[in-house]
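The values are calculated or read from the model by the stated rules, or taken from the named source; none is laboratory data. All figures in this text were calculated on a predicted structure; none of them were measured in a lab. We place every Cβ from the backbone using ideal geometry, glycine too, and count neighbours over all the protein chains shown.
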Amino acid sequence: MNEKKIKAYVLKNSIAYNGKANPGAVVSSLFNEGLEKSKVKEIMPKIKKIIEKVSKLNLDKQKKEFEKIKEIISERKVREGLSELPNAEKGVVMRIAPSPSGAMHVGHALTASISYVYVKKYGGKFYVRIEDTNPENIYEPAYDLLKKDSDWLFEKKAKIVIQSDRMEIYYKYAKKLISVGKAYVCTCSGDEFREFSKQKKDCQCRSFNVKENLERWKKMLDTPPLAYPDKSSKKISTKGKKGFGEGEAVLRFKSDMTHKNPAMRDFPLARINLTKHPRQGKKYRVWPLMNLSVAVDDIEQKMTHIIRAKEHRDNAQRQEMIFKVLGKKYPWAAYLGKWHIKGLRLSASGITKGIKEGKYSGWDDAKLPTIQALKKKYKPEAFWKMAENRGLSEVDKVIDKKEFFVLLDKFNKI
Ligand SMILES: [Zn+2]
């Protein structure tokens, strides 16, 4: 790491903090330049020495110094713009897939904006797909909040799709996968199946034929009387049931029990969950898991390009397997590293808790980094430009809260 680069970051941070740089923040910036964690100890004295020197200059002098060397740090990317997507000339179909756990915060907005910027660039369709096929952990106001956020951030151009409204389509695909011998109903317990997977062995359910599996799938869907024992109970009564109960069966994708990545071995596609769904009520008891519902929607909605967080790489591989057995070509895909904005609270559960306890007045509380709060000050373009500036990078980015907002302010003015 050369001294000039360190000095540039020290000056940048120092200017943002009224004349005194923070060593930790400088180190964070250097991580984005490829500094390895193991080298931090070694480089720290050097950083501190430079901070000391720089802090002796007044703010004006620091700004002048920074002007001289600022082009050596990564901000030049601002002018580079977005890289081109392959096969996009005729337009693209892209999506983001928020979970209904709360409203959007800056992290969501930045990940989502990059896809939207591409749709704007090439023309095409943009979907906001609310992934609500897990009846548990749904925060009911999220449906409205996400629509509001999308309308603002994407100029009312996004098509909102709610997965739980599309259950029959997922059932159709589940049946199709069973019919081509690529899915089976497994009645082993979670522990039993994990043991089979560990030993790379087939469970007994894997040997059932298509006809038997179709019957077993029917038993999964076979709805018992949906009576609630009392109004306060969120669980559906299974009294008088003929089919499988909750936890008694899952639909699995027949991949390969010897796959070198255990996460790929006959992963589950659908399960029974009797929790009452906030939007669908008691209508369904078998719920697709994300790899099934996401693959089905990406096929049905004819996705051309997918950009998502890199933690979804395993899921993408599973979904690609589903595409393949259905004779479909998987869309072009890219993965994004995480933005870690130091000092910002970004967990939906933390925010909802804070709202409940009265710590925040609502999702638009000025203390929160949510779109609801930030839209009072920023234009949607600020988020698009910030996402564009980041580009399709898989590297995790650590950025200090203050530095982040200095940058966002800058994009807000362009
Ligand atoms: Zn089994």
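Taken together, E215, E155, E168, E195 contain a single residue that is within 13 Å of the ligand (Cβ to nearest atom) and either under 19 Å from the mean Cα position of the chain (by Cα) or among the acidic types (D, E) (or both), which is E195. Considering every residue within the stretch 11-30, establish whether at least one is assigned to a helix (DSSP H, G or I), among the aromatic types (F, W, Y) and either out of contact with any strand residue (DSSP E or B) (no Cβ under 6 Å at 6 or more places or on another chain) or not assigned by TED's automatic domain parsing to the domain that holds I341 (or both). Within the stretch 11-30, none of the residues are assigned to a helix (DSSP H, G or I), among the aromatic types (F, W, Y) and either out of contact with any strand residue (DSSP E or B) (no Cβ under 6 Å at 6 or more places or on another chain) or not assigned by TED's automatic domain parsing to the domain that holds I341 (or both).
Let's see how each residue does on (1) within 16 Å of the ligand (Cβ to nearest atom); (2) among the aliphatic types (A, V, I, L, M):
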{"residue": "P135", "(1), (2)": "no, no"}
{"residue": "L145", "(1), (2)": "no, yes"}
{"residue": "Y173", "(1), (2)": "no, no"}
{"residue": "V185", "(1), (2)": "yes, yes"}
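Of the conditions (1) under 23 Å from L407 (Cβ atoms); (2) basic (K, R); (3) loosely packed, with under 15 Cβ neighbours inside 10 Å, K56 clears all except one; give me its number. Checking K56 against (1) under 23 Å from L407 (Cβ atoms); (2) basic (K, R); (3) loosely packed, with under 15 Cβ neighbours inside 10 Å, the one that fails is (1). Scanning the stretch 238-293 for residues that are modelled with pLDDT under 95, within 15 Å of the ligand (Cβ to nearest atom) and surrounded by fewer than 20 Cβ atoms within 10 Å (Cβ to Cβ) yields a count of 2. Considering every residue within the stretch 313-323, establish whether at least one is touching a residue at least 24 places away in the same chain (Cβ under 8 Å), under 16 Å from I114 (Cβ atoms) and in the same structural domain as L146 (by TED's automatic domain parsing). Scanning the stretch 313-323 turns up no residue that is touching a residue at least 24 places away in the same chain (Cβ under 8 Å), under 16 Å from I114 (Cβ atoms) and in the same structural domain as L146 (by TED's automatic domain parsing).
Scan the stretch 342-361 and tell me whether some residue there is surrounded by fewer than 16 Cβ atoms within 10 Å (Cβ to Cβ), part of a loop (DSSP other than H, G, I, E, B) and in contact (Cβ under 8 Å) with a residue 40 or more places away in the chain. Among the residues of the stretch 342-361, at least one is surrounded by fewer than 16 Cβ atoms within 10 Å (Cβ to Cβ), part of a loop (DSSP other than H, G, I, E, B) and in contact (Cβ under 8 Å) with a residue 40 or more places away in the chain, which makes the answer yes.
Here A142, A174 are screened, and the one residue that is assigned by TED's automatic domain parsing to the domain that holds L110, among the hydrophobic types (A, V, I, L, M, F, W, C) and touching a helix residue (DSSP H, G or I) at 6+ places or on another chain (Cβ under 9 Å) is A142.
Pairing residues of the stretch 182-209 that are closer than 26 Å to F323 by Cβ with residues that are aromatic (F, W, Y) and at pLDDT below 95, at Cβ distances under 9 Å and at least 6 apart in sequence or on separate chains, gives V185/F244.
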